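Pasting a structure here, questions to come.
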Amino acid sequence: MRAGIGGAEAHSTADIWRRSAQWWRQHTPLADALGPAPDLPLPADAAIGFAFPPAAAQRAHLPALLALADYAHPAEIACDLLDGEIDRPDHPYLLVLPADRIQPWTRGHTAPGLRRALAAHGWSGLTVPEYLVLQRQSFDTYGDHRFDLYTGDEPGWSWLPASTNGPLVGMAYYNQGSDTVQISACKTGSKNPRKGAHLGRVLTAAP
């Protein structure tokens, strides 16, 4: 298992937690919010793992997370999502992913249809804060926007189904024309055969 997008191999929760804390310390003021590593088994179908602080800490430091998506211009994010919900625990958790690319079977769904497909495969999607972290890690590793370039041959145009505000659901991509990361609040019925979702699964120990 890799500790983050393109990161070095890690073979235990403690190792992933340590590497994650180093990344948080270098990029944001959130490292101390991780706390000690829980003893969690690593699932066989996950290739990437990264530790996240509690949802409340992520909210409190949202400007620092948004700054991760600053390139030629600051990220553009729908204010509806800033006031919305993120479906994550209020204690530290481990997010695991099967790969750093969007899986083909996630494309072409509405938000409700995507949730059903994800649940059937045993996965969920990302939140806005998780997307901000993972897209920055990917850019720093590869030097390009393969993670979220929606005009690419393999589009990175992605639902963020774990960030919602009422009937609105998060959606994110990198706009190459303006060199801007854009995060929108979409209606649940929106769909496009090029739009999919990065997979994620939350692992957590009881606080």
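The values are calculated or read from the model by the stated rules, or taken from the named source; none is laboratory data. Predicted model, so just to flag it, every value in this text is computed and none were measured. Using ideal geometry, Cβ is built from the backbone for each residue, glycine included, and neighbour counts are taken over all protein chains shown. Note: accessible area is taken over every heavy atom of the protein model, side chains too, but ligands, DNA and RNA are not part of it. Shrake-Rupley method; radii C 1.70, N 1.55, O 1.52, S 1.80 Å.
With labels modelled as points extended 7 Å from the Cα through the Cβ direction, what inter-label distance (nm, one decimal) is found for residue 153 paired with residue 120?
2.9
In addition: Enter the per residue convex hull volume of region 1-136, computed from alpha-carbon coordinates, in Å³ rounded to the nearest integer.
Details: hull volume 17.4 nm³, N = 136.
In region 1-136, the Cα convex hull volume per residue is 128 Å³.
In addition: For the charge dipole of the chain, defined by +1 on Lys and Arg C-beta atoms and -1 on Asp and Glu C-beta atoms about the Cα centroid, which residue among 124, 112, 34 has the Cα displaced farthest towards the positive pole?
Of the options given, the answer is 112.
Please give the calculated 222 nm ellipticity per residue for the chain, where each DSSP H segment of at least 4 residues contributes -39500 (n - 2.57) and the sum is spread over every residue; nearest 500 deg cm²/dmol?
-7500 deg cm²/dmol
For residue 140 paired with residue 176, estimate the spin-label separation in nm (one decimal), with each label point 7 Å from Cα along the Cα-to-Cβ line.
Calculated label separation equals 2.5 nm.
Tell me the angle of helix 13-27 to the major Cα principal axis of the chain, expressed in degrees between 0 and 90 and rounded to the nearest ten.
That works out to roughly 60 degrees.
Okay, next question. Given region 1-80 reduced to its alpha-carbon atoms as identical point scatterers, what log10 I(q)/I(0) does the Debye formula return at q = 0.12, 0.22, 0.27 Å⁻¹?
These q points yield log10 I(q)/I(0) values of -0.40, -1.05, -1.26.
Let me ask something additional. Order 186, 79, most accessible first, counting only protein heavy atoms with a 1.4 angstrom probe.
79, 186
Now a separate question. Specify the angular offset, from 0 to 90 degrees and rounded to the nearest 10, of the alpha carbon long axis of helix 111-121 from the longest principal axis of the alpha carbons in the chain.
Taking Cα atoms only, the helix is inclined about 40 degrees.
Turning to a different aspect of this structure: Hey, what did region 1-142 get for relative contact order, percent, Cα under 8 Å, at least 6 apart?
29
Run the quick spin-label model on residue 101 and residue 47: label points 7 Å from Cα toward the beta carbon, then report their separation in nm to one decimal.
Going from the residue 101 label point to the residue 47 one covers 0.8 nm.
On full extension of the chain, what length is gained from residue 56 through residue 79, given 0.36 nm per residue of separation minus the C-alpha to C-alpha distance?
6.5 nm
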